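So the structure is just underneath, and the comments pick up after that.
Rule-based calculations on the coordinates, nothing more; no lab input. Just so it is clear, the structure is predicted and the values come from calculations on it, not from any experiment. We place every Cβ from the backbone using ideal geometry, glycine too, and count neighbours over all the protein chains shown.
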Amino acid sequence: MSTNPNRLKGGEYLVKNASYNDIFTYEDLSEEQKMILESAREFIDKEVVPNKHQLEKKDYALIEELMRKIGELGLLGISVPTEYGGMGMGFVSTMLVCDYISGATGSLATAFGAHTGIGTMPITLYGTEEQKLKYLPKLATGEWFASYCLTEPEAGSDANSGKTKAVLSPDGKEYIITGQKMWITNAGFADLFIVFARIEDDKNITGFIVERAKAGEGFSLGEEEDKLGIVSSSTRQVFFNEVRVPAENMLGERNGGFKIAMNALNVGRIKLGAACLDAQRRILDHSLQYASERKQFGVSINTFGAIQEKLADMAVATFTSEAGAYRSAKDVEDAIADNIANGMPHNEAELKGIEEYAIEASILKVWISEAAQVAADEGIQIYGGMGYSKEMPMESAWRDARISRIYEGTNEINTLLCVSMLVKRAFKGKIDLMTPAMNVANELMSIPSFDIPDYSELFAQEKEIIENLKKAFFMVAGAALQKFGAELEQHQQLIICASRILQEIYMVESAMLRAEKLANTKGQDAAKNAEKIVQLQLFKSVEIVKTEATRGIVSFAEGDEQRMMLSGLRRFTRYNEYPNVVGLKNDIADLIIKENKYTF
């Protein structure tokens, strides 16, 4: 029996309406999960925050020390099955730890994410039983640290084009690896490296587990990279000059490395979204505290409307980011549980569960990383000249946030992937995109209703508008696909327009469902501020959809077709009752200024 029979599958949010009863929110955390949260937050506040300035001085040794302490807490093994020395917790708990471990400094966030995600997960998901028993207990406790060697000078986003070679020895007992890897996180202190190389002229790369202690003289490292941000995260080039690796250290099957790499990145993307959450909270809290203390013209600057707008915008983005991240995390967790119930081995169940929500993973990676960057930028602005000083927290927060839009696949790559993965799911019969696209095309030819709707029910107008935003997506994407067919992938700017629309739909719908669930479980009074946040986020999302859809339509439609589609867009982005955006922002700002912290 399904853990949640009404759970929407990957991408289905576009064609089906989710109920608040069927989604998970931050407010649904169990007592055990709240204890895990507090453990992670307490560690960061006691061990990391007091040493923040030291971490801005390239103190790689301190990062390694902090990682060992996190291992002692058991948090490095949060997702590793118990039979291999981990805690065996579900995906929501995994996201929760990633969230709260990552907020104070990007250097630790990067080291933690690389080790637990793309470093440990490939062995968990693809390793043989012998490999799991040998390596996972050490990785789960922090006795060993892991690194992930995929990127090469000529192979970045095009990961499968790597030139690192693996040659089988004459006796068949070893593979001899030669090549160069770059931008390798944790390289300076890692004991184990997940390395991708090509055997002979194989179409795809193959994964290998390389132990540093056994790699010999052919293994060497470049100097630490001098980076804009995450400065205490160890990042080096790794060189392999005929490094001998036992044949049994092949990870997965020959030619299967690209699949491993892509699935590891799916995990990395959704966790990267989580890793940007507490950064947003902390940036907002710092901004609130500074704005209350800083006085100009005889009053605190938090009394100025221009500052209040920035604070309110940060709160709205943070609430929405949390809503999307934890909604998706529970969907993944339930998908994994369903797969296990259907007889799949745990590793295959996890692979399929994460793969199911690859679209949502890319959405979260892009949307939340950009929200974190905006928050840091506005935080500097609130601090004014002091924000530019290395003595203040905003300068490093801005630099650290910048990398989140690049690694785990650039935001441009992930934005393109959202649409391409959706189309592939449709071609495989996993989601019906044609019917809603045809329905929207027919609706464009019909006479619009001029009836005045009844908005007495909570979120009635918001639900109607979100439903119409979905129609706007199908109008643009459907017409573009009909016009260009298989050549659509060559029109990247048009794909980006469609992708940004579907991203906004997922995130604002998640925020609305979170607020609706809060209202129905805690009472409408308790949810009144969340309701205001949803109204603000929806107003912003509608404006983004208007812009992106218009840009897309005028790029490929002309004459009567263009006029009809633009008229349809006005219909699909219309408010019958506009929210008082300025008043709502003032209300949210007043609330968080009074509390002097993010309160949701």
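Computed 3J(HN,Hα) for the range 225-230, one whole-Hz value per residue from the Karplus formula 6.51 cos²θ - 1.76 cosθ + 1.60 where θ = phi - 60°, is 5, 8, 9, 5, x, 5, glycine and proline marked x. Toward the positive end of the charge dipole of the chain, with +1 on the Cβ of Lys and Arg and -1 on the Cβ of Asp and Glu, the farthest Cα among ALA317, LEU416, TYR388 is that of TYR388.
For the chain, the mean residue ellipticity at 222 nm estimated from helices alone is -18500 deg cm²/dmol, where every DSSP H run of n ≥ 4 contributes -39500 (n - 2.57) and the total is divided by all residues, rounded to the nearest 500.
Local charge for THR128 was computed over the other residues whose Cβ lies under 13 Å away, with Lys and Arg +1 and Asp and Glu -1, and equals -2. Lysines near LYS46 by alpha-carbon distance under 16 Å, same-chain residues fewer than 8 away left out - which ones? Within the straight-line cut-off, LYS46 pairs with LYS69.
Here the range 524-600 has an Rg and Dmax of 17.3, 54 Å, counting Cα atoms alone. Think of the chain as a dipole: +1 on every Lys or Arg Cβ, -1 on every Asp or Glu Cβ, centred on the Cα centre; then among TYR13, GLN131, MET89, TYR13 lies furthest on the positive end. Packing around the peptides 294-300, 169-175, 23-29, 112-118, taken as the average count of other Cβ atoms within 10 Å per residue, puts them in this order, highest first: 112-118, 23-29, 169-175, 294-300. The C-alpha atoms of the chain define a longest principal axis, and helix 31-43 lies at about 70 degrees to it.
Note that the range 146-254, at 37 °C in a medium of 0.692 mPa s, gets a Stokes-Einstein diffusion coefficient of 235 µm²/s from its Kirkwood radius over C-alpha pairs. Out of these labelled values of Cα extents along the principal axes in Å, [x] 80, 61, 46; [y] 144, 61, 39; [z] 93, 56, 46, which was calculated from the coordinates shown here? Derived directly from the coordinates: [x]. Across the options ILE176, PRO122, SER555, the greatest Cα extent toward the positive end of the charge dipole of the chain (unit charges at beta carbon of Lys, Arg, Asp, Glu) belongs to SER555. The protection proxy used here, the mean number of other Cβ atoms lying within 10 Å of each residue, ranks peptides 273-284, 368-379 as follows, highest first: 273-284, 368-379. Report note on the peptides 41-52, 408-419, 67-78, 586-597: ranked by the mean count of other C-beta atoms within 10 Å, highest first, their order is 408-419, 67-78, 586-597, 41-52. Can you tell me what share of the DSSP beta bridges in the range 121-236 is antiparallel? A percent to the nearest 5 is fine. Looking only at bridges with both residues in the range 121-236, the antiparallel portion is about 70 percent.
Backbone geometry of the range 9-26 corresponds, through the Karplus equation with coefficients 6.51, -1.76 and 1.60 at θ = phi - 60°, to 3J(HN,Hα) couplings of 7, x, x, 6, 4, 6, 10, 9, 9, 7, 9, 4, 5, 9, 10, 9, 10, 4 Hz, x marking Gly and Pro.
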